[in-house]
Each structure stands twice: as structure tokens, then as C-alpha cells.
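What follows is one structure encoded as C-alpha cells, with my remarks underneath.
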Amino acid sequence: MPGERVKTEITVRKPVVSDKAICQFVCLRQNKDSINLLVRKSKVDFKRSKVHENPCKFYVLEIAEEKITMEFSVCDTVVTLNNLHKEGKDCGCK
């Protein structure tokens, strides 16, 4: 399945976590080590993702039951977690 391929690529390549996402992890009482677990539990939202962007593809992953959204940039050499958001929780991270 395409979504499973995206999630595998993200977890195998060990994402870099942006400063904003680090702030969001702290705010949401998560830790960077839980990225793989969150990715495995998520589904790729292909409607909101930009899979044909260059030089980096952009993927939105969601965990509906926990109301968590993650945004990843997938480039040739690096995968970056840019944003981690929980509906109803404003962390004020920039």
C-alpha cells in the first residue's frame, strides 16, 4: 500500500526533528523516541500531502483517534518532522 511505503521510508530514514517540532513534543508530553510509534499508528493523508513537490515531498500523517497531525518533508538525503499538532492544544511553538 502507498501509505505503508511512505511510513516505512520515514521510520527507516530516522527523521530529523525541527526546533518547532521539539517544542511541540515537550508541550504535548511526548518524546522524540516516540516518532516511530506515532508514525506506525498514523495514516497518510494523501489529499493534504504534496507527493510531487521538488526537491522534497511533503506528507501529512494523522492519528484520527488521538487527533494528532504530523508533517514531514521527505528529501533525497534527509527526512524532517516539521510539525506535530494535537487538535485543541495550542503550544505556541514557532
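Select from region 1-22 the residues that are of a type in the set (A, V, I, L, M, F, W, C) and either at pLDDT 95 or above or within 11 Å of residue 73 (Cα to Cα) (or both) and list them in ascending order. Full working, then the answer.
Restricting attention to region 1-22, the residues satisfying the condition of being of a type in the set (A, V, I, L, M, F, W, C) are 1, 6, 10, 12, 16-17, 21-22.
Listed by number, the residues that qualify are 6, 10, 16, 17.
Residue 34: over 22 Å from residue 75 (Cβ atoms) and among the hydroxyl-bearing types (Ser, Thr, Tyr), yes or no? Don't jump to the end; show me each part of the working.
On the way: over 22 Å from residue 75 (Cβ atoms): yes; among the hydroxyl-bearing types (Ser, Thr, Tyr): yes.
Here the answer is yes, as residue 34 does meet what is asked.
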Fill in the blank from the handout: Per the filter on region 26-57, residues modelled with pLDDT under 95, polar (S, T, N, Q) and over 14 Å from residue 8 (Cβ atoms) are 30, 31, 34, 54
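Please specify each residue of region 15-29 satisfying the condition of being farther than 16 Å from residue 58 by Cα and under 13 Å from the mean Cα position of the chain (by Cα).
Scanning region 15-29 gives 20, 22, 24, 25.
The values are calculated or read from the model by the stated rules, or taken from the named source; none is laboratory data. Quantities reported herein were computed from a predicted structural model and do not represent experimental measurements. We place every Cβ from the backbone using ideal geometry, glycine too, and count neighbours over all the protein chains shown.
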